[in-house]
Each structure stands twice: as structure tokens, then as C-alpha cells.
Amino acid sequence: MAQHQDYDQSSLGGTADELRAQLRFSKEKETELLNQLRETRAIIESTQAKLDRLIRTGTIAPIDHLPDEILVAILEEATSFHDGATLECPPPPVDSWKWLAVSHRWNNVISATPSLWTVINLTLRWTPHMLTRQLMKSGNMPLRISIQPSAEVRIRWFDWDTSEACEHLSSLIVPLHHYSHRWRSLSIRGFSSKTMSQILACLEDTRYTSVESLCIQSDKREADSVLQKVPGWINYTNCPKLEHLDLGGFRIPDSLPPIPYLKSLSLATERASTGMPVPSFSLHDALLSASNLSSLTLFGTTRSFGDLYLTANSISLPSLRELKIYPQDHDFPGLDRIIIAIDATDLDHLEFVPRWGFGILSHAPFWPLGVPKFPRLRKIRLKNTVNEHSNMALLASAFPMLRHAALGGLEVSAFIARSPRPIDRWEELESLTIIGPEYTFMEQLLGWLEERYQTGRGMLHVRLEGLASTSDFLEFHNKILQFAVVELDDIKLKIGKATFVVTPSIQAKLSKATPDIASALGNIRNSDLVPCEDDDDNPVGFDDF
């Protein structure tokens, strides 16, 4: 028996005393580990509780992890002017004082950064005290002045008695006179001609010695917005540094005052109905006084310009790099004759977008002497300009260095659907924008992209822009992704009476007549949908249904 007992002890790796000691040590270790586990679990529970409480009370936004200089750069971008489509009034820049209450950090950063106070966007909400604070915080930095009714108070501007509006504006503009040496830009947009006249009268005695950019546009919705005269103070003597001039809704004089340093000029001579009498002016004489232009935008009708029958290359603009023409006629536009008259061999960017689609642009204006008129053109935007009778091969050959093209539906069919495809003459093409993608020509586009890809010409950058009135848009989008790098630029999908913005986030503009649209969207959550304006300009969300 003793021999058997000794055999068992030796097989367990020690004597009974040794094993008892090892067991005691293991139990003590277990107790220690259990205590550590309880302490660790307590720390986890405490930390989780603090995190839950922090999440409930407010999470630190990612933007607050950025250095101050990066935050300032973002806020400066938000307070800058961003012009949208030609002659469309962009939203007023954001006032920096609106962000002071975001957090203590934002308040400190904004208050200590003069560059965030240099945009002065005068509206009805402004008071002389607010203006004084803005001027003090801007230090000695250049000022950008904007006088434009914001959307929510636009009606109040027009409901005001003109004398009352002028008196209120005077109380704001008069203090600004003392700082006119710091003005760099002045933008006045969106007022009726009657109110605009009063505003301009308040500015007559100001000297614009430092102003480099001037934009004055009447509200295009006002029937009398084309009846004003160009302010007499827009001249070289009063504005010696003026480089950018944008005039909309004015009687343009026969000859614009000579402004030697003018680099960009935008003229909108007509925005009223066709029944209104529209004054004309001599375009030739107006452009002769601005020979240093690098950018020219013309918006109007044939009757707005009194000398359209110009000889070829009669207007020399050697520095011109950008030409944008927006004919507004109901009949034959005729503004294509300006292309014939302008001599600008270094033109880089051309836009020709008539309001009405008549397919009037032929190859002839671009081949006046048997050679391309704009051989260095690299960017073009065409919509409502061509038809099935146009010689698209010659038109495409007029731009041998083209790299970026934006085309409407007529142009996509004309440049892509024909065989051989005229668009293939643009051998350096890098990007193609499709304006208002529709089923009829999306299929043609897909076939061309597939053909291009299979022949080894690489993937093109394709941008889809505007309203997509096809239910097959998503299907075509997924197919195009196989052969091109696709970018969605403000794409809107129209489903029934609802228009959904695809980028940059899902938004919806819904009609009261579509109460069931939310359920039809499937896996799109209500929280992903941003309330927009209804047909009567009232905000509408899903809770309204």
C-alpha cells in the first residue's frame, strides 16, 4: 500500500506538502486576478458611463480637433463670395458673428482674426452698432462690401417705402464712407430698380480709389430692371484700380468709360419680358475701350446690341482668355456674330448657351479664314446650339487642343451618335460634362465610353450635371462606372412631383401631392432627407404630410 501511495505522489510531480503549497499559491493567484478583474470591470463601467454622458451632452466635433489656422481657413472660405451661374444672385456670404456662440474656442478664434470680419454683408438686420463692431474687428484689412437682401427678408425690402429703405441704408453707408480707402469690392444685387436707384444715390459721393471689383445687378424679376442708366461714377477717375466690372439690368451707354486696368467685364443688357422696350448700344465701341480684358460675359438679345453685323476680327482682345455668351432671344439669337468679330487667338474657355434651343451655331464662325479661329481653346460649354444639319466634324476640328467639354443633350447626340464620331477628333480630351442627362443620349454616351475603353484610350472623367428626368439614371450610372471616372455634380432625380438631390447628400423637394414618397424610397431614412422649399416657398419636411 505504501509503495502504491509513493507511486501516485511521484506521478503528480511532488510530495503531498509540495502539492498543497502549489495549490495554495494558485488560489492566492486566483484571488488576486479576480480582484484585478473586478477593478478592471469597475473602470470599464465608469469609463462607459462617462462616455455615455458625454455623448448625451454633446460630442466633440471633428472640426474642433483642427488647429486654429485650419479652422480660420475653413471659416474664411465660408465667408467668401461664391458666384453661381451667370446672372443668378448667389447667396450672401455668411456673417462671421453668427458663429460666435458655437463655443468658447470659436468665439476666441473668430474675435481675434481680423480676416473673418472683412466681409460686410449689409441687410435689414444690420444696425450702425453692428457695423461699427465689424469695422473695429476687421483691423486695417481690405473690406468686401455686399448689399443684397437675403432670401428670408427679400419681401420686406420690397414692401418698404423707398424713402424708409434709403434712410436705413444711409445710416449704414455713411459710416462706411470713412473707410472707403479700404474697400476692395462692392456688390449690390437683387433690388428693384427703384430701390437700386436710391442705393446708388447714397454712393455717389464716395471715392472708390481702392475698389478692384464692382458688381451691380438689379433684381431680374422686376419688370423695370432694364431701365436704369449706368452710374456716372463708374469711370477711371473715380475707380482707378477697377479690374472686374459686372453690370446687370442697365442701359449701357454707347461707349463705356475707358478703364485701362479692366480685366473682366460682364454685361447683362436685358432681363425683362420681350414686350419691354430694350435700348441698344454699340458693342464694338464698348469693347474697344477695354482692350486688356481677359474675361468677357454677354447676356442679352440681338436687339440689345446695335451693331451685330460686324466684320471679322474687328474687335481685338489679345488678352482675352474666357468668353461667355448667353443669348436670350425667342427667335434667331444672332449673338454668334460676336464670335466672328472678336480677335482673340489665345482664347482658352468658351461658353455659348442660348436660352432657347434653336441649333444655330455652325462651324463657320470658327473657320473664318480656313484655319481654326481659337486654336488654343481647351475648355468649352455648349447647350442648345447645334442641330442635325450642323457639320459636327468641322466644328470639332476647330478645337484641336480641347481638354474639357460640357455638352447638352443636342450636342451629345451630335458629337457622339454619328459615325465616325466627331468627338474622337478631340484627342486630348480629359473630361466630359453631361448637362441634364437623359435616357436618349445616356445610352449613346455609354456605347462611346465602352468603345473608347476597349480601344485602349483610357478612362475619361465624366461629370453628370443637372436634372436627370430618367428613371434609369442609376442603372446607367453604374454601367458608366465600368468605363469612366464618374462625378455627380448637383444631380437631381425627378420622381413624380418630387425632385431628389443626389449629391452631396440625399435631399428632397417634395410636393404636398406626394405623401407616400417616403415609403417608396425603401432604405433611405427620414433623417437622411433634408427639408427644402415647397412650391409655395414654405419649408416642407416629412412631418408635414
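Within region 210-233, restricting attention to residues that are assigned to a loop (DSSP other than H, G, I, E, B) and among the charged types (D, E, K, R), the residue that is modelled with the lowest pLDDT is Asp224.
Could you list, in sequence order, the residues of region 387-405 that are in a loop (DSSP other than H, G, I, E, B) and modelled with pLDDT under 90? Hits for region 387-405 are Asn387, Glu388, His389, Ser390, Asn391. Quick one: in region 5-46, of everything that is surrounded by 10 or more Cβ atoms within 10 Å (Cβ to Cβ) and outside any helix (DSSP H, G or I), which residue is modelled with the highest pLDDT? Checking each candidate, the answer is Thr15.
Of the residues making up region 234-291, those that are farther than 20 Å from Tyr208 by Cβ and modelled with pLDDT of 65 or more are Gly249, Ala268, Thr269, Leu283, His284, Asp285, Ala286, Leu287, Leu288, Ser291. Among the residues making up region 406-463, a single one is surrounded by fewer than 18 Cβ atoms within 10 Å (Cβ to Cβ), part of a helix (DSSP H, G or I) and small (Gly, Ala, Ser): Gly447. A single member of Leu474, Leu488 is assigned to a strand (DSSP E or B) and modelled with pLDDT under 85, and it is Leu488. Given the criteria loosely packed, with under 10 Cβ neighbours inside 10 Å, modelled with pLDDT under 80 and part of a helix (DSSP H, G or I), does Ile55 qualify? Yes; evaluated as a whole, the condition is true for this residue.
The values are calculated or read from the model by the stated rules, or taken from the named source; none is laboratory data. The structure presented is a predicted model; accordingly, all values stated were derived computationally and were not measured. Cβ coordinates were reconstructed from backbone atoms using ideal geometry, including for glycine residues, and neighbour counts include every protein chain displayed.
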